[in-house]
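The values are calculated or read from the model by the stated rules, or taken from the named source; none is laboratory data. As the structure is a prediction and not an experimental result, all values here were calculated from the model. Note that each Cβ is placed from the backbone with ideal geometry, even for glycine, and that neighbours are counted across all protein chains shown. Protein only, heavy atoms only, side chains kept; ligands, DNA and RNA dropped before computing areas. Shrake-Rupley method; radii C 1.70, N 1.55, O 1.52, S 1.80 Å.
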Amino acid sequence: MNFETNCVRGGYSPKSGDSVVMPIVSSTTYRYDTTEEVNELFDLEREGYFYSRIENPTVSAVEKHIAQLESDDSDKSAALMTSSGQSANLFAVLNICSAGDHIICARSVYGGTVNLFQHRLSTLGIEVTFIDNDSSYEQICSSIKKNTKLLFGETLSNPLLVVLDIDVWAKAANDNNIPLIIDNTFATPYFCKPLQFGANIVTHSSTKYLDGHALQVSGIIVDGGNFNWENAYSKTGHFGQLVEPDETYKGISYTKHFKEKAYITKARVQLMRDLGCTPSPFNAFLLNNGVQTLHLRMKQHFENALKVAQFLESHPKIKKVNFPGLKSNEYYNVAKKYMPLGTSGVLSFEVNSGNNDARQCAADVINAFRLINIEVNVAEIRSCALHPASSTHRQMSDEELINSGISSGLIRLSVGLESVEDIIEDLERSLK
Ligand SMILES: *Cc1c(COP(=O)(O)O)cnc(C)c1O
């Protein structure tokens, strides 16, 4: 099936007489005839639902749906939905890292991910090194240490819209027998499928475009099933968690029992069992409704954003526009390679503040918006804006902001699905 068909029809296939809409199975547990059946479930010898912390039919359907969109090989790929994008990235790392391990992350990524990796994982003994998103193959390889277990980056970084050269990162990862994890939240599988370019695991804040209507908070991990854990284990001794026996399941080996599904199965039956960042079936239902129109929304988000970016670029009061869909953008060619149909609806820009305070100028522009919402959010049907320097990056000094590439006058704009003329009119009047 083509992508559009998978959006509308994927994940759930009603049998004769079933409801056409995926039902919400709001049940914590499932009834069995015999205790022997339950024993087999606990030994992972039988497939089936037993407790909704681990698996639930509504959640399973949306997991299958999104795995189909990210991966062209549905026999190998598998997904795990989580309670938030944060827990998706946390699980993606914790599934293969423990105290004493090291990870490498592209420097320009979502601030919440920087906090998680730098300040939280360090308390668990996992060390992170941030390197430039634009690092060369040699630079990435030279940052990889004996205890490095993965590389991490975002297709399109939040909020600077830096495009990752996924081929380069994937080659560096695979040549060093470690996986590449890509957070694909901003591009979505409509514009980019990182697994096609050699990434191994894709994560999302499905709070954003996959839902697209700002209805629920959730996350998802999709494993392409394209990383050979046993091979890496035999060469480097890494990833014993997936290859060696798990004593909490009578000594099964995830790679031997579950083959390509080893990574997701372990994340589900071990991390989700023990840490419990479980999504609600109602959120899965809302998310699934959003996914059904992803192809239409993303196309229109990009079309609107490109027009807004072109308007801003030609406006005398604008100093800089970050939008890789613009020909003048330094990432235009890389974006064309990985995202030929478009990038996303998110852009950021700097107001030309002259001799005035850049922070205040940006705030003044945002405060004058009538249509565009001020929101701590992106990637939804309503246009919304945020001033990073006075919100998400508030704790940073002007100098720290400059080092992270986020100037005090930067405005992040998530272009929605309203009439683009109305959005531009709001910007024009506010800038005036
Ligand atoms: C929002 C976001 C997250 C965090 O997701 P939540 O659903 O808010 O927990 C992670 N990565 C990116 C790129 C995001 O935009």
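Annotations
- Qualifying position, being open to solvent by 10 Å² or more (accessible area, probe 1.4 Å) and within 15 Å of the ligand (Cβ to nearest atom), among Ser74, Ser108: Ser108
- Subset of the range 161-184 [under 23 Å from Ser87 (Cβ atoms), assigned to a loop (DSSP other than H, G, I, E, B) and touching a Phe, Trp or Tyr at 6+ places or on another chain (Cβ under 7 Å)]: Pro179
- For the range 139-168, filtered to residues that are more than 12 Å from Leu180 (Cα to Cα), of a type outside the set (A, V, I, L, M, F, W, C) and open to solvent by less than 20 Å² (accessible area, probe 1.4 Å), the residue that is nearest to the ligand (Cβ to nearest atom) is Asn158.
- Considered as a group, the residues in the range 1-12 that are over 19 Å from Asn283 (Cα atoms) and not charged (D, E, K, R) include one that is most open to solvent (accessible area, probe 1.4 Å), and that residue is Met1.
- Filtering Lys327, Lys259, Lys307, Lys299 for residues that are within 20 Å of the chain's Cα centre (by Cα), among the charged types (D, E, K, R) and not in a strand (DSSP E or B) leaves a single hit, Lys299.
- Within the range 88-105, if we keep just the residues that are open to solvent by less than 10 Å² (accessible area, probe 1.4 Å) and polar (S, T, N, Q), the residue that is farthest from Val202 (Cα to Cα) turns out to be Asn95.
- Filtered residues of the range 352-396 (kept if among the hydrophobic types (A, V, I, L, M, F, W, C), open to solvent by less than 40 Å² (accessible area, probe 1.4 Å) and in a loop (DSSP other than H, G, I, E, B)): Ala368, Phe369, Ile372, Val378, Ala379
- Residue within the range 230-240 that is within 16 Å of the ligand (Cβ to nearest atom), crowded, with 18+ Cβ neighbours inside 10 Å and not β-branched (Val, Ile, Thr) present: no
- Condition broken by His213, with the remaining ones in (1) surrounded by fewer than 19 Cβ atoms within 10 Å (Cβ to Cβ); (2) under 20 Å from Ala78 (Cβ atoms); (3) within 16 Å of the ligand (Cβ to nearest atom) satisfied: (2)
- Meets criteria (of a type in the set (S, T, N, Q) and within 27 Å of Leu386 (Cβ to Cβ)) for Thr148: no
To keep it simple, each residue is scored yes or no on (1) more than 16 Å from the ligand (Cβ to nearest atom); (2) over 22 Å from Gly224 (Cα atoms).
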position	(1), (2)
Asn39	yes, yes
Ser52	yes, yes
Leu69	yes, no
Gly85	no, no
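- Filter result for Asn403 (open to solvent by 10 Å² or more (accessible area, probe 1.4 Å) and farther than 18 Å from Leu160 by Cα): no
- Taking the criterion of being in a helix (DSSP H, G or I) and under 14 Å from Val62 (Cα atoms), the residues of the range 1-18 that qualify are Asn6, Cys7, Val8, Arg9.
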